[in-house]
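**Q** My questions will all concern the structure given below.
The values are calculated or read from the model by the stated rules, or taken from the named source; none is laboratory data. If you're wondering where the values come from, they're calculated on a predicted model, not measured in any experiment. Ideal geometry is used to build each Cβ from the backbone, glycine not excepted, and the neighbour counts take in all protein chains shown. When the accessible area is computed, the model is the full protein with side chains, heavy atoms only, and any ligands, DNA or RNA have been set aside. Shrake-Rupley method; radii C 1.70, N 1.55, O 1.52, S 1.80 Å.
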Amino acid sequence: MTSEFTVNYNEYLPLRDVVFNTLRQAILKGELKPGERLMEVALADRLGVSRTPIREAMRKLELEGLVVMVPRRGAQVASITEKDLNDVLEVRIALENMAIEKACERMTEEDMSSLFLASKSFERVMSEGDLVQMAEADEAFHEMIYKAAGNDRLNQVLSNLREQMYRYRMEYLKGKETRNQLLSEHQELTRALRERNVKKAQEISFAHLDNQRKAIIQSIRNQQKQGKRGDKK
């Protein structure tokens, strides 16, 4: 295990939750790679905890679909599959359409300014080339739309889906051409929302997510081909 990550202690959370959150973020951010084995002893040593909270975290991560148990190999980080991606995006597209509709009705001038600044922030970090910062800036942009929709429950569900998309988004952001396209889509979506043009904003949002889907699926297929070539050696 060569991944670099450390435990994030929180005095208000039980140790088992701290370990779970640490491992979950390491998987979502790609610090623990798809297919990587998760050995209890090694993880316990790295995080400075006993094996019990590690074991409890594994069970919760398995329920979330982030970890799978493989016969004779034990736990490993779940691979990114096309079905998982499509399942998440189908739900997200439907809910994001709702968020856009409500945001067009309810956005204030302050919300508009926050969305514009979020778009500019993404542009700035894109020029710096840090994938983690770009993913977080992209999240922050969409968070402005969800917040402006004024529905806390909708925001909560979309935030959960956004986290599930984190691993996929990191793959998507690796290409310079796709990053430029993402920036252009942010700008177009910002203009449509400012005009309170629901249909146009929803069309841009769909294209935005569908472009991500296509690029990530291509990345998944390329990785599968590389894996097959590696198996033949």
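**Q** Could you pull out the pairs from K60/K174; K120/K199; K147/K214; K60/K214; K102/K214; K60/K199 whose alpha carbons sit more than 32 Å apart here?
**A** Details: K60/K174 29 Å; K120/K199 24 Å; K147/K214 27 Å; K60/K214 30 Å; K102/K214 28 Å; K60/K199 39 Å.
Checking Cα-Cα distances, K60/K199 exceed 32 Å.
**Q** Given the options N160, Q218, N180, identify the residue whose Cα lies farthest towards the positive end of the charge dipole of region 154-233 (+1 on Cβ of Lys, Arg; -1 on Cβ of Asp, Glu).
**A** Ranked along the dipole, the leading option is Q218.
**Q** How long is the gain from L63 to T81 if the chain were fully straight, where each residue apart is worth 0.36 nm and the alpha carbon distance is subtracted?
**A** Working: separation 18, 0.36 × 18 = 6.48 nm, distance 1.65 nm.
Full extension from L63 to T81 adds 4.8 nm.
**Q** Under the definition of Cα pairs under 8 Å and six or more residues apart, what whole-number percent is the relative contact order of region 111-199? Intermediate results must be reported in sequence, preceding the final value.
**A** Numbers: 50 pairs, mean separation 31.4, N = 89.
Dividing the mean separation by the residue count of region 111-199 yields 35 percent.
**Q** How far apart, in nanometres, would the label points at A94 and L161 be if each is projected 7 angstrom from Cα along the Cα-to-Cβ direction?
**A** 0.9 nm
**Q** Here is a follow-up. Which whole-number percent is the relative contact order of the chain (Cα, under 8 Å, 6+ apart)? Present the calculation step by step, with values, prior to reporting the outcome.
**A** Working: 240 pairs, mean separation 45.8, N = 233.
Relative contact order for the chain comes out at 20 percent.
**Q** What is the magnitude of the charge dipole of the chain about its Cα centre, with +1 placed on the Cβ of each Lys and Arg, -1 on the Cβ of each Asp and Glu, and no other charges, expressed in debye to the nearest 20?
**A** On the way: 39 positive and 37 negative charges, 234 e Å.
Computed about the Cα centre, the dipole is about 1120 debye.
**Q** Rolling a 1.4 angstrom probe over the protein heavy atoms, how many square angstrom per residue are accessible across region 76-223?
**A** Values: 7170 Å² over 148 residues.
On a per-residue basis, region 76-223 sits at 48 Å².
**Q** Any idea what the dipole of region 46-149 comes to, in debye rounded to 20, about its Cα centre with Lys/Arg Cβ at +1 and Asp/Glu Cβ at -1? All intermediate terms of the calculation are to be shown ahead of the outcome.
**A** Working: 14 positive and 20 negative charges, 189 e Å.
With only Lys, Arg, Asp and Glu charged at Cβ, the dipole is about 900 debye.
**Q** Over the chain, with every protein chain in place, what whole percent of the accessible area is carbon and sulfur at 1.4 Å, could you tell me? Write down the numbers at each step before the final one.
**A** Numbers: 6210 of 12830 Å².
Taking all protein chains in place, the chain shows 48 percent carbon and sulfur surface.
**Q** With axes computed from alpha carbons, what is the tilt in degrees of helix 15-28 against the longest principal axis of the chain, rounded to the nearest 10 within 0 to 90?
**A** Between the helix axis and the principal axis of the chain, the angle is about 60 degrees.
**Q** Starting from the Cα of D152, step 7 Å toward the Cβ, then list every residue of region 99-114 with an amide N under 20 Å from that point.
**A** 99-100, 102-103, 106-108, 111
**Q** Additional query: So, in nm, how far is label F206 from label Q226 when the simple model puts each one 7 Å beyond its Cα toward the Cβ?
**A** A separation of 3.3 nm, rounded to one decimal place.
**Q** Estimate the FRET efficiency between Q187 and K33 by the formula 1/(1 + (r/R0)^6), using the beta-carbon distance for r and 35 Å for R0, to the nearest 0.05. Could you put the intermediate results ahead of the total?
**A** Values: r = 33 Å, r/R0 = 0.94.
Calculated transfer efficiency: 0.60.
**Q** With semi-axes √(5λ) of the Cα gyration tensor in Å in mind, check (i) 29, 21, 17; (ii) 26, 21, 15; (iii) 34, 21, 16 and report the label derived from this structure.
**A** (iii)
**Q** Here is a further query. Nearest 20 debye, what's the magnitude of the dipole of region 125-233 about its Cα centre given +1 on Lys and Arg Cβ and -1 on Asp and Glu Cβ? Show your work: numbers first, answer last.
**A** Working: 21 positive and 16 negative charges, 138 e Å.
For this selection, approximately 660 debye.
**Q** What number, rounded to the nearest 500 deg cm²/dmol, is the helix-based mean residue ellipticity at 222 nm of the chain, given -39500 (n - 2.57) per DSSP H run of at least four residues and division by all its residues?
**A** On the way: 10 runs with 173 residues, N = 233.
Per the formula, -25000 deg cm²/dmol.
**Q** Separate question: Taking only Cα atoms, what is the 0 to 90° angle, nearest 10, from helix 131-149's long axis to the longest principal axis of the chain?
**A** Its long axis makes an angle of about 50 degrees.
**Q** Same structure again: As an exercise, use a Förster radius of 25 Å and the Cβ-Cβ distance of Q133 and N21 to find the FRET efficiency, rounded to the nearest 0.05. Each step should come with its number before you reach the end.
**A** Working: r = 20 Å, r/R0 = 0.81.
Efficiency, from the Cβ-Cβ distance: 0.80.
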